[in-house]
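One structure is given below, encoded as structure tokens.
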Amino acid sequence: MELHANLQSLGNKKTDYRYDEPDASLLERFPNPFVQSSINPNGVTGTLNMVCPEFTSLCPVTGQPDFATIVIDMQPGEWCVESKSLKLYLGSFRMHGEFHESCICRICNDLVTLLQPKWIKVEGRFTPRGGIPLWPSAEYRQP
């Protein structure tokens, strides 16, 4: 089985999507190598740390841009998120008006829906607005 056979965003074609509405359909996944016995005969566990420094959205009240680094830590279950699709998904927030906390909650929920990880934490390290830095985080753990 070719791991990238069904990935649509990876490659050299033009990226075509909207910037004004978060779009979870942009997210893609591939099988988690840590759960494949053929390449992980000793059953080691693995975690992922993704740092996405180019996140932007808009303040829903003022329309001013907000900038953040999104940090995602997780122990995947059966699936991992494909990184270019994650970049495109995060880019779909660019012209969308939503509070910091809501953006982070949405991102975490969309990743949980796609991946069903064992655990995940999504943190938004937003640059200060009004002199106050705000770093909301959302977490999920399988019951």
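If the condition is being assigned to a loop (DSSP other than H, G, I, E, B) and crowded, with 16+ Cβ neighbours inside 10 Å, then the stretch 96-117 contributes His96, Glu98, Pro117. Taken over the stretch 19-65, the residue count meeting the criterion of being at pLDDT 95 or above and of a type in the set (Asp, Glu) is 2. Might you let me know whether the stretch 86-95 holds any residue that is crowded, with 18+ Cβ neighbours inside 10 Å, touching a helix residue (DSSP H, G or I) at 6+ places or on another chain (Cβ under 9 Å) and either of a type in the set (Lys, Arg) or assigned to a strand (DSSP E or B) (or both)? Within the stretch 86-95, not a single residue is crowded, with 18+ Cβ neighbours inside 10 Å, touching a helix residue (DSSP H, G or I) at 6+ places or on another chain (Cβ under 9 Å) and either of a type in the set (Lys, Arg) or assigned to a strand (DSSP E or B) (or both). Please work out if Glu101 is at pLDDT 95 or above, within 18 Å of Gln75 (Cα to Cα) and among the charged types (D, E, K, R). Criteria not met by Glu101. Report whether or not Pro31 is in contact with a strand residue (DSSP E or B) (Cβ under 7 Å, 6 or more places away or on another chain) and surrounded by fewer than 17 Cβ atoms within 10 Å (Cβ to Cβ). Yes.
So which residues in the stretch 39-68 are within 21 Å of Pro117 (Cα to Cα) and either under 10 Å from the mean Cα position of the chain (by Cα) or among the polar types (S, T, N, Q) (or both)? Within the stretch 39-68, Asn40, Asn42, Thr45, Thr47, Asn49, Met50, Val51, Cys52 meet the criteria.
Among the residues making up the stretch 21-38, those that are more than 21 Å from Gly97 (Cβ to Cβ) and either among the small types (Gly, Ala, Ser) or in contact with a Lys or Arg (Cβ under 7 Å, 6 or more places away or on another chain) (or both) are Ser37, Ser38.
Of all residues in the stretch 109-126, those satisfying the criterion of being in contact (Cβ under 8 Å) with a residue 60 or more places away in the chain and either closer than 16 Å to Glu98 by Cβ or under 11 Å from the mean Cα position of the chain (by Cα) (or both) are Asp110, Leu111, Leu114, Leu115, Gly124, Phe126.
The values are calculated or read from the model by the stated rules, or taken from the named source; none is laboratory data. Treat the numbers as computed from the prediction; the structure is a model and nothing was measured. Counting neighbours? That spans all protein chains shown, and the Cβs are built from the backbone with ideal geometry, glycine included.
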